[in-house]
Structure formats: C-alpha cells, structure tokens
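Here the structure comes first, spelled out in structure tokens, and everything after it is commentary.
Computed from the coordinates by the stated procedures, all read-outs in this text should not be read as laboratory data. Owing to the predicted nature of the structure, the values given are computational and were not obtained by experimental measurement. Reconstructed Cβ throughout: ideal geometry from the backbone, glycine too, with neighbour counts over all protein chains shown.
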Amino acid sequence: MSKQEIYAWTSLLSSIAILGFYGLTMFGLPSEWAAIENQLSSVLFKIFLFALIVEVGIGILKNKHEVEKDERDEKIAGKGFKNAYYFLAIAVSFVLFQVIMDNIFSYAPFIYSTLSLIHLLVVTLVLSSIVNRTTQIYFYRKM
Amino acid sequence: MKDKKVANNIRTLRFQNGEMTQAELAEKVGVTRQTINALEAAKYSPSLELAFKIAHVFGVGLEEVFQYQD
C-alpha cells in the first residue's frame, strides 16, 4: 500500500469520525439510546485519533529513496476530486433550489432556518470529502 | 487507463537486467513501487515520459517494453 493510499484511508476514517461526531453533537440520538451515544462518541474519537496518529507516523517515517507521489497518484487524486466536485455541485444546487422554492413559491422546504442550511452545507462538505477519498481508494484497489 | 490495452515486458526485462527489483526500478524512474507493480499487471498505462524512462533504464526501444493491443 502506497503512502498516498494510506493517506486516503486515514482521511476517509477521520472524515467519517468527524461526520459522526458532528451528527451526535448537533442532533444526538433518541433519549432511550443515551448509553449508546456516549460509547459511540468514544469510538468515533478513537477512530479519529488512530487516523491522526497513523498519518503523523507515516509523515515522520520517511524513506528518502521512496517517491512521495507520482503520476498514478495524481491521476487517481484527479478522479477523486472530479467525483467530489460533481457531488458538491449537485448538493449545492439542490440546496439553492430549496431556498429559491421557499422564496418564490412559498413552498415548505426541509431547510426551514439558517441554522439548518448551515448544518446541511457542513454535512455536504464532509460528505464530498468522503466521496473524494472513497473514489481514490476504489481506484487504488482497481489499478 | 483502459485495462489490458497496453501490454509490457517489464517483469522479463527486470530479470534480464540482474534481477532488478520493482523498488530499484521505481527509484530509477522516479515513481512508487506500487506504480511499477500496477504497470506489470497491466492495470495502469504509463505516461509517454514514464514509458521512455523505463525503456531508457533497460537500454531498449519503447516497443520492446510496451505493446499496444487492439
């Protein structure tokens, strides 16, 4: 596994952990699942910490004979960014559509406040990062 | 990046050149060992520059290393 692939895995793990942590902090779980919520927070924090340690460790343990990034890595990164861009463009267009529908047609969208709009955009941003890294991992496994 | 379109003799040429390892070849042409592995498995087609670099390392022409398959 190349360094860039390891970075893709650690970034994917930390993005999932951030998304889960954000969801738990902002929305939480139903009251009957309160015990699970604490355990889940702890697991997500450990995943984030593990990803961070691996990433820092890989950065420190540099092999000066080994190339950090080559043309294959750049090609795969490009595919990841392209898919993330498509996801982000569709998601932002959808959000804008909801806001416009609300203002013009008084249609009741699920974005009912500025806060919900911010939540949606934050989640979209983290999801686009997950799309990027998942695409990269797919192509690292494929080619 | 079409699969199996560009075949190659990298593995054979490595062994004919003093059993060169993938890591050694990777270092000589400035890529990762994983890229050489992907090239040998015909999972990845290299850029023209990388193809020339590999041919240069083995001291042969480009078509002795890579073959385009219709």
When Lys and Arg each count +1 and Asp and Glu each count -1, what net charge do the other residues less than 11 Å away from residue B:58, Cβ to Cβ, add up to? +2
Cα-Cα longer than 25 Å, checked against A:69/B:28; A:69/B:53; A:46/A:82; A:3/A:75; A:3/B:5, kept in input order, equals A:46/A:82; A:3/B:5
Relative contact order as a percentage, chain B, C-alpha pairs under 8 Å and 6+ apart, gives 46
Quick one: Cα centre-to-centre distance for segment B:17-68 and segment A:1-47, in angstrom? 41
For chain A, what is the relative contact order in percent, using Cα pairs closer than 8 Å and at least 6 residues apart in sequence? 40
Across the residues of A:67-76, average count of Cβ atoms on other protein chains within 10 Å? 6
Averaged across B:22-31, how many Cβ atoms of other chains sit within 10 Å of each residue's Cβ atom? 2
How many nm separate the modelled label positions at residue B:56 and residue B:16, each set 7 Å beyond the Cα in the direction of the Cβ? 2.0
For peptide A:16-24, the mean count of other chain Cβ atoms within 10 Å per residue Cβ is 0
Quotient of Cα Rg and 2.2 N^0.38 Å for the protein assembly as shown, N being how many residues it contains: 1.38
Formal net charge of residues neighbouring residue A:20 (Cβ-Cβ distance under 12 Å; K, R +1; D, E -1): 0
If R0 = 25 Å, then residue A:86 and residue A:138, at their Cβ-Cβ distance, give a FRET efficiency to the nearest 0.05 of 0.95
If each residue of separation counts as 0.36 nm, what is the full-extension length gain between residue A:65 and residue A:6 once their alpha-carbon separation is subtracted? 19.4 nm
